[in-house]
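The structure under discussion appears below in the form of structure tokens.
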Amino acid sequence: MRCISLSGFGFKSVSSFFNLRALSFTFSSMASSEDSLRRALADKQSAVEAQANSVRALKAAGAPKPDVETAIEALNALKLQKASIEKDLQAAVTGAADGSAVSREAFRQAVLNTLERRLFYILSFKIYRGVAGLYDYGPPGCAVRSNVLAFWRQHFVLEENMLEVHCPSVTPEIVLKASGHVDKFTDLMVKDEKTGTCFRADHLLKDFCNEKLQKDLTISAETAAELRHVLATLDDLSSDELGAKIRKYGITAPDTRNPLSDPYPFNLMFQTSIGPSGLSPGYMRPETAQGIFVNFKDLYYYNGNKLPFAAAQIGEAFRNEISPRQGLLRVREFTLAEIEHFVDPEDKSHPKFSEVANLEFLMFPRKEQTSGQSAKIIRLGEAVAEGIVNNETLGYFIGRVYLFLTRLGIHENHLRFRQHLANEMAHYAADCWDAEIESSYGWIECVGIADRSAYDLRAHSEKSGVALVAAEKFSEPREVEKLVVIPVKKELGLAFKGSQKNVVEALEAMKEEEALEMKANLETKGEVEFYVCTLEKNITIKKSMVTISKEKKKEHQRVFTPSVIEPSFGIGRIIYCLYEHSYYMRPSKAGDEQLNVFRFPPLVAPIKCTVFPLVQNQQYENVAKDISKSLTAAGISHKIDITGTSIGKRYARTDELGVPFAITVDSTTSVTIRERDSKDQIRVDVEEAAAIVKEVTEGRRTWEDVWSSFPHHSSVSADADD
Ligand code: AMP
């Protein structure tokens, strides 16, 4: 197929170095085939041992030579069968679907080499030997990043009329104290007890399980299942549980093999101080969301005091990761693009949900994870209707994220939405899903989509004293019955003296249910035991100390704290996965070289088009320069290459940058346009070349359409070297 569109660019059947389909097969069927292979191996091992015993017995009994030889032959046949199962098991656990498939690591190295050589990224401060977890984007990487962000703005901010803001990275402590980051933004760390080197506790456990599963062919199917369960529920483990598992498996420090400390929390924020005095502590923000929450009151007013509405922010986030591995995926400074969609907690429906309800994709609900099943294809409408996804607005964003990622070029078979496990999710959250993309590192969380309820706005209201609330005005005043609790301060003062204030506050803070229970008890028994948490003890409340009654009131509006639904995009991770999903190798025409290609959709490609005079010749150069001018006027990023290098080499150089189209000037009246993946060429008039490239790169026309409208060009010389 020669179809090129925004969503369907590439993934045709080229001889791909990293066989994505094979990988997907390997993953979905891996656990079951691996288990049966482990069982077959254990059976075969027993058969080998039994046969070896009978050979020994025959020899000991002085059996005739032919009998012994037949038994030895049978033993050798069994050993061969065992070796063959071992080979299959090895292939199954390392993810290589057959002997010829290259390992994930080799694939990753090929991608990284190309990315590094073509300056998609550079290790920051490289001439000083760099710093782990800090990377620069080089020219093509910068262009890809801008394209991804431009599409993000178009797909989310523009489409939903979001209010975009831009807030500082340096954040005063009080903000992050209110949000809970100062106390709780931690990862569990363990220390090498002799050298003091630090490691992330969950990463060591994950490595241990993966290594055992992949390298130790002797473990039983039951142990393999247990280790897979640990991997599936890793994010759910508490500090104590993690410590217990590390002890159970005898995990020690990598390299030194020294014993490890118990896990303890390490705060990931970079601390700083604002101003010269050092008296005003601050942090580099670990996420951009807080900037939006603290501006809620103004944004709500800007939006005409109406809900729902969403605010968005793109900016850098900083996390002092304990031991950043996984190259570009876990870094210490990265771009986040975040949306905070504010909604009435009593109405989380979404007017545009029907637009995404029929999307079907891989979802991995909590239940499937804890019961050891695989992710499965679910229709989004069904997931919301059945309550697998908590509400329509959350479902709407899951659908929009799916469309965003697949339009960028993320392959749908390697994208899944995984629901957070119970412990993984913050206690206040109503529901959370991560968009995970499969790469050579495994499944990676790239977008978090959470219904955070009213937690953030409430936390900032309490700390700042500024009410971050919304109001629903009633068309007619409504009569409501309200429970009123009035502490009798004089009586409480006499009974509790200095603690009177704590008791009054605790009585006023009672929930309706609790107050009604107290009222009933006071009426029947005259007094009741009451726990005051600020005093950390029970006190006795008598009937004379409080009046609890129901009163009717007229209300003109309902004031409430909005819930927030937050899709949070790690832009760097998405881009890295995009690199892996777009990369393939194909042989050069002579077959003596493997050439790298990134099949980026035009939307993402760092440069949309190249312009090459076929040979060095002033007339062709002039035509190339004219076309370049037209492309600039049309706003199409391009590169003109007038070097004398062979055309095939020039194509190969730009295929490696993922440039989708090449205009080759081989006459003064007409030129060819070549499409990167099919290498097909059409012939067009010089004057129309720029316009055609503009149409196909902007997705207004498909390559298929262009291919059927213009004469085809086939040139032996054109691709001679590629
Ligand atoms: P979180 O607030 O932890 O859910 O993170 C939001 C998103 O930021 C994640 O979905 C990741 O894509 C991204 N992210 C988190 N930590 C890092 C990191 N250390 N390096 C790169 N991206 C990250």
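Throughout, read-outs are computed from the coordinates displayed, never taken from laboratory work. In this text the structure is predicted, and so the values were computed from the model without any measurement. Virtual Cβ from ideal backbone geometry, glycine too; neighbours counted across all protein chains shown.
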Hey, could you get me the Stokes-Einstein D for segment 89-214, Kirkwood radius over alpha-carbon pairs, 25 °C and 0.890 mPa s, rounded to whole µm² s⁻¹?
123
Taking the convex hull of the alpha carbon atoms in segment 163-299, what volume per residue do you get, in Å³?
170
I'd like the Karplus ³J(HN,Hα) series for segment 333-338: coefficients 6.51, -1.76, 1.60, θ = phi - 60°, whole numbers in Hz, and an x wherever there's a Gly or Pro.
9, 8, 8, 10, 10, 10
The answer for Met189, listing residues at least 5 apart or on another chain whose modeled amide H is closer than 5 Å to its amide H, is Ala201, Tyr264, Phe266
Euclidean distance between Cα centres, segment 483-516 to segment 162-235, Å:
44
Cross-link list Lys482/Lys537; Lys191/Lys245; Lys44/Lys248; Lys59/Lys79; Lys215/Lys248; Lys177/Lys206: which exceed 23 angstrom alpha carbon to alpha carbon?
Lys482/Lys537; Lys44/Lys248; Lys177/Lys206
Please find the FRET efficiency linking Thr668 to Asp136, where r is the Cβ-Cβ separation and R0 is fixed at 45 Å, and quote it to the nearest 0.05.
0.60
Gain upon complete extension [Lys463, Glu527; 0.36 nm per residue less C-alpha separation]
19.6 nm
Which whole-Hz ³J(HN,Hα) couplings does segment 476-490 yield from phi under the Karplus relation 6.51 cos²θ - 1.76 cosθ + 1.60, θ = phi - 60°, glycine and proline marked x?
10, x, 10, 8, 10, 9, 10, 8, 10, 10, 10, x, 8, 5, 4
Here the net charge surrounding Lys194, from other residues whose Cβ is less than 12 Å away from its Cβ (Lys, Arg +1; Asp, Glu -1), is -1
Can you give the extra length, in nm with one decimal, that the chain gains between Ala634 and Glu704 once fully stretched, where that is 0.36 nm per residue apart less the Cα-Cα distance?
23.0 nm
Check: C-alpha center segment 42-64 vs C-alpha center segment 435-475, spacing in Å is 66
Go ahead and run the numbers for FRET between Glu159 and Asn305, Cβ-Cβ distance against an R0 of 25 Å, rounding to 0.05.
0.65
Once amide H atoms are placed 1.01 Å from N in the peptide plane, what residues at a sequence separation of 5 or more from Thr197, or on another chain, have their amide H within under 5 Å of its amide H?
Asp192
Hand me the GluC sites (Glu not before Pro) from segment 522-569 located in a DSSP loop with no more than 12 other Cβ atoms within 10 Å, in residue order please.
Glu536
Could you check the simple spin-label distance between Glu316 and Lys215, using points 7 Å along Cα→Cβ, in nm with one decimal?
3.8
Net charge near Pro265 (other residues with Cβ under 13 Å of its Cβ; Lys, Arg +1; Asp, Glu -1) is -2
Here the tail fraction of P(r) beyond 18 Å, over all Cα-Cα pairs of segment 644-718, rounds in percent to 36
From the phi angles alone, apply the Karplus equation (6.51, -1.76, 1.60; θ = phi - 60°) to segment 216-225 and give each ³J(HN,Hα) in whole Hz, x where the residue is Gly or Pro.
9, 7, 8, 5, 6, 4, 5, 5, 4, 5
When all alpha-carbon pairs of the chain are counted, what percent fall beyond 40 Å?
48
When the chain is fully extended, how far beyond the present Cα-Cα distance does Glu695 get from Thr406, taking 0.36 nm per residue of separation?
102.0 nm
Taking the C-alpha atoms of segment 408-481, convex hull volume expressed per residue in Å³:
221
